[in-house]
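As structure tokens, the structure follows; a few thoughts come after it.
The values are calculated or read from the model by the stated rules, or taken from the named source; none is laboratory data. Nothing here was measured: the structure is a model prediction, and the numbers come from that model. Positions of Cβ are backbone-derived with ideal geometry, glycine not excepted, and every protein chain shown enters the neighbour counts. SASA here: full protein model, heavy atoms, side chains in, ligands and nucleic acids out. Shrake-Rupley method; radii C 1.70, N 1.55, O 1.52, S 1.80 Å.
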Amino acid sequence: MRWSSAVSDISSLTRAVDDTAEQVEIGLDGPSADLVFAFISSHHAPSYYSVVELVRSRFPGAIVIGCSAGGVIGAGHEVEKTPGVALTAASLPGVVITPFEFEKEELPNPDASPDAWEALIGVPASDHPSIVLLPDPFTLPSEALVEGLDYAYPDSVKIGGLASGGTVNGANALFSNRGTRRSGAVGVALSGNVVVDSVVAQGCRPIGTAMVVTGSNDNVITKLDGELPLDILRSLFDEGDEREKRLIRRSLQIGILMDPFQDQFEAGDFLIRNVIGADGDNVALAVGEQIREGQVVQFHVHDATSASDGLGASLMRYANDHPDTAPSGALLFSGLGRGERLFGRVDHDTDLFQSVVGSMPVTGFFCNGEIGPVGGSTFLHGYTSSFALFSPREPTAV
């Protein structure tokens, strides 16, 4: 297995594709590409319908998957404010590559059997495929898609990002061998001689202590450890320094522990959701997720330091859990709220990734929402870095 990645900020799409393709071909060092991911910034929007033809002219035997982007990542470098084309190509001996694409109308209904989802993706769950998803946020219900795939493929990694770069229906683009489309979803399922590991860093740190939900109604929390949630928040606010108070005002989140049997946990074990506001004469708290009594939750805040520390901790956990794994390449699906606008410099996440996990081709884009697992289930996130790391299941000759 071999991966190669490149990025270009040339303003001409044709020249940018040629530039990145030449670099990628050099990186492959002989083997032909079986799979190519292409991420194209919105600066090239007038030429979106040329993307697939240009890429396939350089990699005629490869499956092409990609989308438009608010910023691109290639060869470990993040390009956000200028035209950007990022390509990664992979030679994948022994890997079965199944591309798929569909529209909202083709999604199975909520009562459908797993067979309907297997027919949509084109791979049986018994093959244990790893699935990379690139949905359009304006034309397809991504949370329903993720929930359905979790139901049909419970043992498979599902990871990806929502196409970005456009702000209205029809402005984003999805790329596949069939051409460019403006709605629905594209993706690829990988099975056979491949292992896809995931690292999801949600960019928040916990404050206060973990508490048990003792009263709730849908997405509204009425009691935490028998107390009113706003009373607990007021205490946290009063006890905090000026910086902590500012973060509570501007970036308060809530973390929901995903494993109910876990008695020791850290930041990465929580699913992070927005605190929407007070409800019911300011005695309850509305949050961006369904809540049930008995769940463990903890308040979190989001800032550059928290995001950096959280990513570092998640990457260290992966490195410690996989001491003998040497990934050949990685995809990074990063939230639009990260990057230079959060950290004040480019390449923060990619630099940190390669310093902890190791040097390898890293490619991706800044997404309208990130897809990745937390606590054994897959979710749609925001402000997150979601990595997919690719390794051969068994060694093969290159």
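Residue-wise test of (1) among the small types (Gly, Ala, Ser); (2) assigned to a strand (DSSP E or B).
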{"residue": "Ser164", "(1), (2)": "yes, no"}
{"residue": "Thr167", "(1), (2)": "no, no"}
{"residue": "Gly170", "(1), (2)": "yes, no"}
{"residue": "Phe175", "(1), (2)": "no, yes"}
{"residue": "Val186", "(1), (2)": "no, yes"}
{"residue": "Ser198", "(1), (2)": "yes, yes"}
{"residue": "Ser216", "(1), (2)": "yes, yes"}
{"residue": "Lys223", "(1), (2)": "no, yes"}
{"residue": "Asp231", "(1), (2)": "no, no"}
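Filtering the range 35-58 to residues that are touching a Pro at 6+ places or on another chain (Cβ under 8 Å) and either free of Cβ contacts under 8 Å to residues at least 12 places away in the same chain or outside any strand (DSSP E or B) (or both) leaves His43, His44. Taking Ser8, is it surrounded by 18 or more Cβ atoms within 10 Å (Cβ to Cβ), among the hydroxyl-bearing types (Ser, Thr, Tyr), modelled with pLDDT of 95 or more and under 26 Å from Asp347 (Cβ atoms)? Answer is yes for this residue. Looking only at residues of the range 250-287 that are among the β-branched types (Val, Ile, Thr) and at pLDDT below 85, we find that the one that is nearest to the chain's Cα centre (by Cα) is Ile276.
Against the conditions (1) surrounded by fewer than 18 Cβ atoms within 10 Å (Cβ to Cβ); (2) among the hydrophobic types (A, V, I, L, M, F, W, C); (3) in a strand (DSSP E or B), Phe265 satisfies every one except (3).
Only one of the listed residues (Ile65, Ile73) is farther than 22 Å from Arg338 by Cα and open to solvent by less than 10 Å² (accessible area, probe 1.4 Å). That residue is Ile65. Could you tell me whether the range 364-382 includes any residue that is open to solvent by less than 20 Å² (accessible area, probe 1.4 Å) and under 17 Å from Asp303 (Cα atoms)? Yes, the range 364-382 contains a residue that is open to solvent by less than 20 Å² (accessible area, probe 1.4 Å) and under 17 Å from Asp303 (Cα atoms). Evaluate the range 96-106: report whether one residue or more is open to solvent by less than 40 Å² (accessible area, probe 1.4 Å) and in contact with a Phe, Trp or Tyr (Cβ under 9 Å, 6 or more places away or on another chain). No: the range 96-106 contains no residue that is open to solvent by less than 40 Å² (accessible area, probe 1.4 Å) and in contact with a Phe, Trp or Tyr (Cβ under 9 Å, 6 or more places away or on another chain). Scanning the range 182-196 for any residue that is open to solvent by 50 Å² or more (accessible area, probe 1.4 Å) and closer than 25 Å to Phe138 by Cβ turns up at least one such residue. For the range 152-174, the set of residues classified as open to solvent by less than 10 Å² (accessible area, probe 1.4 Å), among the hydrophobic types (A, V, I, L, M, F, W, C) and closer than 18 Å to Leu120 by Cα consists of Ala152, Ile159, Leu174, listed by residue number. Between Leu149, Leu140, Leu87, Leu145, the distinction of being in a strand (DSSP E or B) and open to solvent by less than 30 Å² (accessible area, probe 1.4 Å) belongs to Leu87 only.
Would you confirm whether any residue within the range 33-43 is over 26 Å from the mean Cα position of the chain (by Cα) and on the phi < 0 side of the Ramachandran plot? Checked against the condition, which is being over 26 Å from the mean Cα position of the chain (by Cα) and on the phi < 0 side of the Ramachandran plot, the range 33-43 yields no hits at all. In the condition set (1) over 24 Å from Glu80 (Cα atoms); (2) without any contact (Cβ under 8 Å) to a residue 60 or more places away in the chain, Pro327 is compliant with all but (2). The sole residue among Gly208, Gly203 that is of a type outside the set (Asp, Glu) and either without any contact (Cβ under 8 Å) to a residue 24 or more places away in the chain or open to solvent by 30 Å² or more (accessible area, probe 1.4 Å) (or both) is Gly208.
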